[in-house]
Amino acid sequence: MATHRTKMLIIGSGPAGYSAAIYGARAMMEPIVVQGIQPGGQLTITTDVENYPGFADVIQGPWLMEQMQQQAEHVGTRMHWDTIVEVDLANGPPYRAVGDSGDEYIGDTLVIATGAQAKWLGVPGEQELGGKGVSACATCDGFFYRGRKVAVIGGGNTAVEEALYLTNHSDDVTLIHRREELRAEKILQERLFKSPKISTLWNKVVERFEAGENGALHHLVLKDTQTGEESTLEVDGAFVAIGHAPATELFKGKLAMDEGGYLLTEPGSPKTELPGVYAAGDVTDHTYRQAVTAAGMGCMAALDAEKFHATLDFAKAEAEAEAAE
Ligand code: NDP
């Protein structure tokens with residue numbers, strides 16, 4: 001077990017965490033990034049990215065995150081493949097965090113960039129059939145359903161992108177949505193409706209996931225939200241794409257959150273209510289949730305942390321001068 005000290009401790013390794021690291025390192029804050037269980041964050045489980053500025057051609061999410069990590073390392077960031085399991089924010093700055101490895105991290109400033117995770121429906125069969133037909137990531141698991149029948153549940157950008165992606169593997173994709181209007185962007189909707197491989201089921205919710213004799217997913221039991229009528233849909237794979245929940249469990253009772261569990265910050269800034277503690281990216285943003293906005297917020301957090309750190313240095317110098325008098 002070791003203790004690692006830094007002027008800027010960053011928890012999380014998505015676009016927000018890595019951007020904070022790039023700016024922090026270049027400001028001589030000698031940042032440490034504790035990467036978490038999914039280094040690179042949500043973009044490592046996507047494929048095509050065509051909306052991150054700077055790339056004329058379509059790029060791959062995992063590649064983009066590798067580039068960000070390397071860029072952060074090249075300018076002097078220390079990466080730790082560890083997962084923070086405990087934070088002490090009551091007695092800072094400096095703030096203390098403990099990793100799954102038993103290592104201790106002490107940061108004069110703290111940037112929280114822990115992101116968000118996929119939400120589940122919470123209906124019978126969903127968890128039991130996880131990895132046996134039920135998944136929350138088509139880009140990770142879609143390949144396993146080549147030539148088979150699949151369904152996607154949800155009506156947002158993620159659901160539509162996942163349905164479109166699955167057409168690379170399957171000719172029979174059903175999108176199941178609880179209303180009769182999608183929330184996804186119009187350009188994605190157009191692509192969806194144009195695809196001969198995708199059909200849509202409107203006003204339907206999944207009541208349960210049921211297995212066949214082999215123990216793997218066999219069908220979904222659906223309920224019509226208008227008539228209450230039940231029906232079944234035989235599928236080999238079902239992808240739940242109903243949004244995300246922020247990864248803020250660690251900060252419950254320690255930092256202010258909204259009713260969705262997103263960390264609250266000063267409007268227009270990544271500052272939390274604690275001095276030198278910042279929140280950036282999806283952990284605090286349920287509106288935009290884009291790689292580019294997360295990166296921007298990471299940058300803002302690093303700039304604010306640097307300014308705050310200068311005040312700590314100033315206070316320390318003053319105290320030393322007083323003591324010397
Ligand atoms: P969203 O919150 O946008 O959409 C969630 C969808 O799931 C909604 O259609 C919602 O239905 C449905 N839903 C939620 N809970 C349930 C439930 N219990 N049962 C059935 N359906 C449910 O999440 P996304 O993950 O799609 O997107 C999150 C953010 O990320 C958005 O801002 C999106 O724009 C962005 N994004 C952008 C991408 C891009 O630009 N390439 C790609 C992917 C995401 P209802 O509509 O009725 O509320």
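The values are calculated or read from the model by the stated rules, or taken from the named source; none is laboratory data. What you see is a predicted model, and the numbers here were worked out from it, not measured in a lab. Every residue, glycine as well, gets a Cβ built from its backbone with ideal geometry; the counts of neighbours run over all protein chains shown. To get the accessible areas, we keep the full protein, side chains included, count just its heavy atoms, and leave off ligands, DNA and RNA. Shrake-Rupley method; radii C 1.70, N 1.55, O 1.52, S 1.80 Å.
Considered as a group, the residues in the range 36-79 that are open to solvent by less than 40 Å² (accessible area, probe 1.4 Å) and of a type in the set (Val, Ile, Thr) include one that is nearest to residue 290 (Cα to Cα), and that residue is 49. Check whether at least one residue in the range 72-79 is part of a helix (DSSP H, G or I), among the acidic types (Asp, Glu) and either away from the ligand (no atom under 16 Å from the Cβ) or under 17 Å from residue 5 (Cα atoms) (or both), and report yes or no. Yes, the conditions are met somewhere in the range 72-79.
Just to be sure, is residue 265 assigned by TED's automatic domain parsing to the domain that holds residue 181 and either more than 30 Å from residue 208 (Cβ to Cβ) or of a type outside the set (Phe, Trp, Tyr) (or both)?
Considered against the rule, which asks whether it is assigned by TED's automatic domain parsing to the domain that holds residue 181 and either more than 30 Å from residue 208 (Cβ to Cβ) or of a type outside the set (Phe, Trp, Tyr) (or both), residue 265 comes out as no.
Is it the case, given these coordinates, that residue 91 is more than 16 Å from the ligand (Cβ to nearest atom) and at pLDDT below 95? Criteria met by residue 91.
Consider the range 250-268 and keep the residues that are in contact (Cβ under 8 Å) with a residue 12 or more places away in the chain and not in a loop (DSSP other than H, G, I, E, B). The one that is nearest to residue 98 (Cα to Cα) is 250.
Open to solvent by 20 Å² or more (accessible area, probe 1.4 Å), within 15 Å of the ligand (Cβ to nearest atom) and outside the structural domain of residue 287 (by TED's automatic domain parsing): is that true of residue 214 in this structure? Step through it out loud before you land on a result.
Values: open to solvent by 20 Å² or more (accessible area, probe 1.4 Å): yes; within 15 Å of the ligand (Cβ to nearest atom): no; outside the structural domain of residue 287 (by TED's automatic domain parsing): yes.
When the stated conditions are applied, residue 214 does not pass them.
A count restricted to the range 269-298 and to residues that are within 12 Å of the ligand (Cβ to nearest atom) and under 14 Å from residue 255 (Cα atoms) stands at 0. When residue 121 is tested against (1) within 12 Å of the ligand (Cβ to nearest atom); (2) assigned to a loop (DSSP other than H, G, I, E, B); (3) touching a Ser or Thr at 6+ places or on another chain (Cβ under 7 Å), exactly one condition is not met: (3).
Could you tell me whether the range 110-127 includes any residue that is hydroxyl-bearing (Ser, Thr, Tyr), modelled with pLDDT of 95 or more and assigned by TED's automatic domain parsing to the domain that holds residue 39? Looking for residues that are hydroxyl-bearing (Ser, Thr, Tyr), modelled with pLDDT of 95 or more and assigned by TED's automatic domain parsing to the domain that holds residue 39, one finds at least one in the range 110-127, hence yes.
Take residue 183 and tell me if it is within 14 Å of the ligand (Cβ to nearest atom), without any contact (Cβ under 8 Å) to a residue 60 or more places away in the chain, touching a strand residue (DSSP E or B) at 6+ places or on another chain (Cβ under 9 Å) and open to solvent by 20 Å² or more (accessible area, probe 1.4 Å). When the stated conditions are applied, residue 183 does not pass them.
Here residue 26 passes the criteria (1) in contact (Cβ under 8 Å) with a residue 60 or more places away in the chain; (2) more than 17 Å from the chain's Cα centre (by Cα); (3) within 20 Å of residue 276 (Cβ to Cβ) except the one numbered (1). The residues listed here are 147, 155; of these, the one that is within 16 Å of the ligand (Cβ to nearest atom), part of a loop (DSSP other than H, G, I, E, B) and either under 15 Å from residue 209 (Cβ atoms) or of a type in the set (Gly, Ala, Ser) (or both) is 155.
For the condition open to solvent by less than 20 Å² (accessible area, probe 1.4 Å) and in a strand (DSSP E or B), residue 221 qualifies.
Of all residues in the range 187-205, count the ones that are assigned to a helix (DSSP H, G or I), among the basic types (Lys, Arg) and within 12 Å of the ligand (Cβ to nearest atom).
Number satisfying all stated conditions: 1.
Note on the range 167-180: residues that are away from the ligand (no atom under 12 Å from the Cβ) and part of a loop (DSSP other than H, G, I, E, B) amount to 5. Taking the conditions exactly as written (in a helix (DSSP H, G or I), more than 16 Å from the ligand (Cβ to nearest atom) and under 30 Å from residue 259 (Cα atoms)), does residue 301 satisfy them or not? Yes, satisfied.
Only a single criterion out of (1) in a strand (DSSP E or B); (2) open to solvent by less than 40 Å² (accessible area, probe 1.4 Å) is not satisfied by residue 85, namely (2).
Is it fair to say residue 303 is more than 17 Å from the chain's Cα centre (by Cα), surrounded by fewer than 22 Cβ atoms within 10 Å (Cβ to Cβ) and at pLDDT below 95? Judged against the criteria, residue 303 is not a match.
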